[in-house]
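The values are calculated or read from the model by the stated rules, or taken from the named source; none is laboratory data. Bear in mind that the values here come from a model prediction, so they are computed numbers and not experimental data. Reconstructed Cβ throughout: ideal geometry from the backbone, glycine too, with neighbour counts over all protein chains shown.
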Amino acid sequence: MTTIELSGVSRWYGNVVAVNDITMTIGPGVTGLLGPNGAGKTTILHMVAGFLAPSRGTVTVAGQPSWRNPGLFRQVALVPERDSVYAFLTGLDFVTATARLHGLPDPVGAADRAITMVEMTQVQDRKISTYSKGMRQRIKVAAALVHDPEVVLLDEPFNGMDPRQRLQMMDLLHAQGEHGRVIVFSSHILEEVERLSGIIQVIVGGRLAASGDFRAIRRLMTGRPHVFLVRSSNDRALGSALMNSPAITAVEVTPEGLQVRAADYGSFTKQIAGLTRDRGIRLTEVLPADESLESVFNYLLAS
């Protein structure tokens, strides 16, 4: 099983520390590298790809050091945020050239397959200079996938894509992860990471602020109450009952239902079932109202 390992990794540029003592393990599937602009996400991807040396610590891919290891390029692909294409080439020329650089036995056939994966076949003979930003992003992904890498690193891959292109790309990356590849993409857009990846590595100020399933991370945040939206056959009676519970910090009746703040996730979910049963109230819906990735991100930035 291919994994990415960072152990005590730091990277600095003169007096500027871009990445500070990060340790993480990333396995097969889709992992989102989340953080605000300037958090250090691009630096991490470039170190994993072997384009930057860590100032301290070690970065390995499949057990091999990523730095000064050109043979690893057969297993790893990087889609940079900035355009790295020759605009005078057609899309097919660009991807075919990448296939030839990898020494593939059938570069044209490999390019055709990769371009089909990103749904660019109809425009593959156009010059890249005529492509939109979203189309250039997709042709870069095709070039990255042409040699069938085990690890695919993407830096802000959805920039410039329209909604249809983004959904198509999300489906493609999800399918690649399902097939056992290690897919790591960076983003500062919460909705992108939440839709595509349940596993996140949150980078704030060059440090790893949180790692794992974002819902589990949110539940471990005991520093502030959890908010739920509760709907039942008798919201007012249920609200009165909940107010007597020491685990409940606030209850508000709203047109959408009860908004309940609870100090502990597990205690609340167990308690509400008993309360409704004992009072003959029919519980129709219990929704965590703040278990989104945005809630996790805002909490970590404020910590």
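When you scan region 166-266 for helices (runs of 4 or more DSSP H) that lie fully inside it, which ones turn up with 1 or more residues that are closer than 29 Å to GLY35 by Cβ and not acidic (Asp, Glu)?
Working: elements: 190-196, 214-219, 235-243.
The qualifying helices (runs of 4 or more DSSP H) are 190-196, 214-219.
Out of the residues in region 171-189 that are buried (at least 19 other Cβ atoms within 10 Å of the Cβ) and in contact with a Phe, Trp or Tyr (Cβ under 8 Å, 6 or more places away or on another chain), which is nearest to THR42 (Cα to Cα)?
Restricting to residues being buried (at least 19 other Cβ atoms within 10 Å of the Cβ) and in contact with a Phe, Trp or Tyr (Cβ under 8 Å, 6 or more places away or on another chain), the top hit is SER187.
I need every pair where a residue in region 22-45 that is within 12 Å of LEU208 (Cβ to Cβ) has its Cβ under 8 Å from the Cβ of a residue that is of a type in the set (Val, Ile, Thr) and in a helix (DSSP H, G or I), sequence separation at least 6 or different chains.
Short answer, once both residue conditions are applied: ILE22/ILE44; LEU33/ILE44; LEU34/VAL193.
Identify, from the list PRO65, PRO80, the residue that is within 18 Å of the chain's Cα centre (by Cα) and within 25 Å of GLY177 (Cα to Cα). Before the answer, list the steps.
Numbers: PRO65 fails: within 18 Å of the chain's Cα centre (by Cα).
Matching residue, one of PRO65, PRO80: PRO80.
Out of ALA97, ALA142, ALA77, report the one residue that is in a helix (DSSP H, G or I) and surrounded by 21 or more Cβ atoms within 10 Å (Cβ to Cβ). Show your work before the answer.
Working: ALA97 fails: surrounded by 21 or more Cβ atoms within 10 Å (Cβ to Cβ); ALA77 fails: in a helix (DSSP H, G or I).
Answer to the check: ALA142.
Given the criterion surrounded by 14 or more Cβ atoms within 10 Å (Cβ to Cβ) and either polar (S, T, N, Q) or modelled with pLDDT of 90 or more (or both), identify the matching residue among ALA209, ALA237.
Values: ALA209 fails: either polar (S, T, N, Q) or modelled with pLDDT of 90 or more (or both).
On inspection, the qualifying residue turns out to be ALA237.
Any idea which of (1) within 28 Å of VAL204 (Cα to Cα); (2) assigned to a loop (DSSP other than H, G, I, E, B); (3) in contact (Cβ under 8 Å) with a residue 60 or more places away in the chain is the one PHE158 doesn't satisfy?
Evaluating PHE158 over (1) within 28 Å of VAL204 (Cα to Cα); (2) assigned to a loop (DSSP other than H, G, I, E, B); (3) in contact (Cβ under 8 Å) with a residue 60 or more places away in the chain leaves (3) as the failure.
Please pick out the residue among ALA216, ALA262, ALA247 that is surrounded by 19 or more Cβ atoms within 10 Å (Cβ to Cβ) and either free of Cβ contacts under 8 Å to residues at least 12 places away in the same chain or among the hydrophobic types (A, V, I, L, M, F, W, C) (or both). Full working, then the answer.
On the way: ALA216 fails: surrounded by 19 or more Cβ atoms within 10 Å (Cβ to Cβ); ALA247 fails: surrounded by 19 or more Cβ atoms within 10 Å (Cβ to Cβ).
Only one candidate qualifies: ALA262.
Would you check if LEU173 is over 30 Å from PHE88 (Cβ atoms) and not aromatic (Phe, Trp, Tyr)?
Numbers: over 30 Å from PHE88 (Cβ atoms): no; not aromatic (Phe, Trp, Tyr): yes.
No; evaluated as a whole, the condition is false for this residue.
Counting just the residues of region 100-116 that are among the charged types (D, E, K, R) and assigned to a helix (DSSP H, G or I), which one comes out surrounded by the fewest Cβ atoms within 10 Å (Cβ to Cβ)? Explain how you work it out, then say what you get.
Filtering region 100-116 down to residues among the charged types (D, E, K, R) leaves 100, 106, 112-113.
With the extra rule that they be assigned to a helix (DSSP H, G or I), the set shrinks to 100, 112-113.
Details: ARG100: 14, ASP112: 19, ARG113: 16.
Out of the qualifying residues, it is ARG100.
I'd like the residue in region 28-58 that is in a loop (DSSP other than H, G, I, E, B) and small (Gly, Ala, Ser) and, out of all such residues, is nearest to the chain's Cα centre (by Cα).
Step one: of region 28-58, the residues in a loop (DSSP other than H, G, I, E, B) are 28, 35-40, 50-55.
Retained after the next criterion (residues that are small (Gly, Ala, Ser)): 35, 38-40, 50, 53, 55.
Working: GLY35: 10, GLY38: 16, ALA39: 15, GLY40: 15, GLY50: 21, ALA53: 24, SER55: 25 Å.
Top of the filtered list is GLY35.
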